[in-house]
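Presented below is the structure to which this report refers.
The values are calculated or read from the model by the stated rules, or taken from the named source; none is laboratory data. Everything quoted here is computed from the prediction, not taken from an experiment. Virtual Cβ from ideal backbone geometry, glycine too; neighbours counted across all protein chains shown. The accessibility values were calculated without ligands, DNA or RNA, using every heavy atom of the protein model including side chains. Shrake-Rupley method; radii C 1.70, N 1.55, O 1.52, S 1.80 Å.
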Amino acid sequence: MVAEGAGPYRFPDAGRTMTIMTPSTGSTERAARYFPFRTGPDADRIIRDAPDTDRDQQCRAVRLTSRHTRAMATARPLWLPPPILIAVCIGTGFWWIAALGTAVCALACVILYGIAKRARDDIRLLDGTVGVPIPDDLVKKVMTTGKAMHALAVLHQRAPIGGGLDEGLSHHRREIVTLNSRYTDHLHLARRHWVRGDMPRWRDTAQRLPVIANEVSKLVDSIILFADHDF
């Protein structure tokens with residue numbers, strides 16, 4: 001799956017390392033595989049100079065990501081009609097319209113959130129088994145972001161309920177959710193660009209991850225500082 005007009009590209013036989021000539025520079029791009037959510041030593045989370053034997057799975061992960069995004073985007077607006085219908089129809093002879101509309105929206109939300117959950121679980125499985133393609137020469141920078149996100153996860157695991165650290169995490173919950181989403185979205189966007197053969201955007205997306213790492217490190221410091229002041 002190569003973006004139209006993006007050539008020339010060369011895809012070797014399965015089992016060999018993928019070599020791609022970028023349209024802008026003509027330089028060779030080699031892809032590593034990064035396993036962002038796998039537990040264990042850091043060395044187990046990277047395959048350097050990875051062979052191009054998982055393209056079908058990577059394409060499937062991109063399709064699942066699109067499915068998850070569409071399902072969530074469709075479900076969110078469906079929470080708006082029920083209260084409007086109830087407000088308009090309550091106390092009138094058309095209360096059944098509000099009841100029917102609410103039931104239809106609720107059923108649609110259940111189906112769509114179910115689709116999104118299954119897609120998310122399948123994506124996470126692929127993230128942990130085939131990994132995310134990233135530029136081989138940017139491995140260390142991407143790993144820095146993963147370590148920062150891991151440090152944030154450790155705070156969650158070790159924070160005693162009701163303690164200062166727990167309050168600090170609650171105080172910064174919105175920032176934590178935003179950074180988690182940005183981290184995951186950038187990884188999956190990098191995969192999408194790689195599948196499409198858009199090497200400049202693939203590289204650019206991967207290069208944005210260390211920026212997130214810097215923001216996460218500052219956030220971790222703020223949470224710890226908040227906890228210290230609470231004592």
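Points to keep in mind about this one:
- Annotation: Val211 fulfils all but one of (1) free of Cβ contacts under 8 Å to residues at least 40 places away in the same chain; (2) crowded, with 19+ Cβ neighbours inside 10 Å; (3) of a type in the set (A, V, I, L, M, F, W, C); the unmet one is (2).
- Screening the candidates Asp166, Asp221, Asp122 for the property of being closer than 30 Å to Gln57 by Cβ, of a type in the set (Asp, Glu) and assigned to a helix (DSSP H, G or I) yields one hit, Asp122.
- Residue within the range 189-203 that is touching a His at 6+ places or on another chain (Cβ under 7 Å) and within 21 Å of Pro36 (Cβ to Cβ) present: yes
- Residue that is without any contact (Cβ under 8 Å) to a residue 40 or more places away in the chain and open to solvent by less than 30 Å² (accessible area, probe 1.4 Å), where the choices are Ala98, Ala206, Ala119: Ala98
Matching residues to (1) surrounded by fewer than 20 Cβ atoms within 10 Å (Cβ to Cβ); (2) over 17 Å from Val142 (Cβ atoms); (3) of a type outside the set (Phe, Trp, Tyr):
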| site | (1), (2), (3) |
| --- | --- |
| Gln157 | yes, yes, yes |
| Tyr183 | no, no, no |
| Asp198 | yes, yes, yes |
| Arg201 | yes, no, yes |
| Glu215 | yes, no, yes |
| Asp221 | yes, yes, yes |
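- Scanning the range 122-155 for residues that are surrounded by fewer than 20 Cβ atoms within 10 Å (Cβ to Cβ), among the charged types (D, E, K, R) and within 13 Å of the chain's Cα centre (by Cα) turns up Asp122, Arg124.
- Tallying residues that are hydrophobic (A, V, I, L, M, F, W, C) and either loosely packed, with under 14 Cβ neighbours inside 10 Å or assigned to a loop (DSSP other than H, G, I, E, B) (or both) within the range 45-86 yields 5.
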